[in-house]
Amino acid sequence: MLCVNVELQERRYPILIGSGLLQDERSYPIKHGDRVMIVTNPTVAQFYLDTVIYALEKRGCVVDHVLLPDGEKYKTLESLNLIFTALLQGNHGRDTTIIALGGGVIGDIAGFAAASYQRGVRLIQIPTTLLSQVDSSVGGKTAVNHELGKNMIGAFYQPSMVIIDTLTLNTLPKREVNAGLAEVIKYGAILDYEFFEWLEQHIDELVALHPEALQHCISRCCQIKADVVARDETEKGDRALLNLGHTFGHAIETHLGYGNWLHGEAVSTGMMMAAALSEELGDISIADVSRLEKLLARANLPTVSPDTMQPEDYLPHMMRDKKVLAGKLRLVLLKSLGQAYVANDTDHTLVLNAIRCCTQTD
Ligand SMILES: NC(=O)c1ccc[n+]([C@@H]2O[C@H](COP(=O)([O-])OP(=O)(O)OC[C@H]3O[C@@H](n4cnc5c(N)ncnc54)[C@H](O)[C@@H]3O)[C@@H](O)[C@H]2O)c1
Ligand SMILES: [Zn+2]
């Protein structure tokens, strides 16, 4: 088992990463008589709910659970309210603990419930998708969507512990695993050349879900994100680097309609566009662009634009991105593999050229 500590002043918390942690009652920071509300969905519950309940009851814990409907479209105030209703009906007080058991959607809703129920109760995150293990479980962002905007209602709220059991990835659809690998590759590309090289050597093991490779990979990603977040908790500087490929990717997600390409798939193609643009600007070498492309392809990720999207379709969406400041496009680009920076007001003609480089008809 590995442990990464997220250092946020007085809100320090550990992330445990191992294989078989869920069934081991010693993994949980819970004592005899504690009350717990597990928040999950039917998809995840069928595999892991009984295991978690069994382990917690072995610790002498009183366990309730609530099932939310599965999917991003249920990341709503209605789902949040289902949690509050379950807590109130069960007479849960200030001293209860909410356990989020599921992917990023469950983590974000249950996290916000913990931040706001009776002004805040203890939260334990058990992320079960690769994306949630390497991304949403670090940084303390919680939220639900509003019909007028994604993640518009939420809070920063840190868990008291994150428990990552790599065995949970065995039941995750392969496409979701690969989408998570896009964010993994992103960490190497923006901040850690050594990790990028490690990924080139071990990507096949990760795709095949080897526990040791996964443990190393997840802990490295959590460490990188934790360092960035600790330097920049409120997202003013460094944290922007985590958006490599995301402005292009959001254009794809919006154009195709949410859910057609997974977020990680859109980010994968978006990273190729950012790399092509960086190469055009004279920063990263062609050889490094092709190393990134090879690595993404080995993780079965797309590296070119969807065939239903034209290069001209991107910029209008990109200019509506929340990272646009005073009408100026802000893009995360690469100086080299392992070194990203934020570019302000890049020439739109160059951006369009880069998108063309990553279009299938080329
Ligand atoms: N808080 C943050 O910092 C942060 C960061 C990134 C993303 N997010 C949020 O995360 C969400 C996306 O998360 P996601 O990609 O994990 O998607 P998700 O939570 O929708 O999970 C994807 C699918 O896999 C299922 N699933 C989860 N674990 C499984 C398992 N072990 N076996 C089988 N099926 C399983 C889920 O039920 C769902 O159907 C978005 O809402 C996004 O806004 C938050
Ligand atoms: Zn992302």
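The residue pairs whose first member lies in region 170-193 and is within 19 Å of ALA240 (Cβ to Cβ) and away from ligand 2 (no atom under 13 Å from the Cβ), whose second member is basic (Lys, Arg) and part of a helix (DSSP H, G or I), and whose beta carbons are closer than 8 Å, counting only pairs six or more residues apart or on different chains, are ASP192/ARG220. Give me a count of the residues in region 49-87 that are part of a helix (DSSP H, G or I) and over 26 Å from the mean Cα position of the chain (by Cα). So the answer is 8.
Of everything in region 293-303 that is farther than 18 Å from GLN360 by Cβ and surrounded by 20 or more Cβ atoms within 10 Å (Cβ to Cβ), the residue that is farthest from ligand 2 (Cβ to nearest atom) is LEU295.
Checking the condition free of Cβ contacts under 8 Å to residues at least 60 places away in the same chain and over 17 Å from PRO29 (Cα atoms), which residue from LEU82, LEU77, LEU123, LEU131 passes? Just one listed residue meets the conditions, LEU82.
In region 99-111 there is at least one residue matching the filter, namely being acidic (Asp, Glu) and within 16 Å of ligand 2 (Cβ to nearest atom). On the stretch given as region 256-285, residues that are assigned to a helix (DSSP H, G or I) and surrounded by fewer than 17 Cβ atoms within 10 Å (Cβ to Cβ) total 1.
Whether any residue in region 164-171 is over 25 Å from TRP261 (Cβ atoms), within 12 Å of ligand 1 (Cβ to nearest atom) and in a helix (DSSP H, G or I) is what I want to check. Checked region 164-171: at least one residue is over 25 Å from TRP261 (Cβ atoms), within 12 Å of ligand 1 (Cβ to nearest atom) and in a helix (DSSP H, G or I). For region 88-143, the tally of residues that are part of a helix (DSSP H, G or I), within 7 Å of ligand 1 (Cβ to nearest atom) and within 16 Å of LEU21 (Cβ to Cβ) stands at 1.
Look at (1) at pLDDT below 95; (2) buried (at least 16 other Cβ atoms within 10 Å of the Cβ); (3) within 15 Å of the chain's Cα centre (by Cα) and you find that GLU233 fails only one, number (3). Of ILE15, ILE38, ILE30, all but one fail to be in contact with a Lys or Arg (Cβ under 8 Å, 6 or more places away or on another chain) and crowded, with 21+ Cβ neighbours inside 10 Å; the exception is ILE30.
The values are calculated or read from the model by the stated rules, or taken from the named source; none is laboratory data. Please read all numbers here as calculations on a predicted model, not as lab measurements. Heads up, the Cβs are rebuilt from the backbone with ideal geometry, glycines too, and the neighbour counts pull from every protein chain shown.
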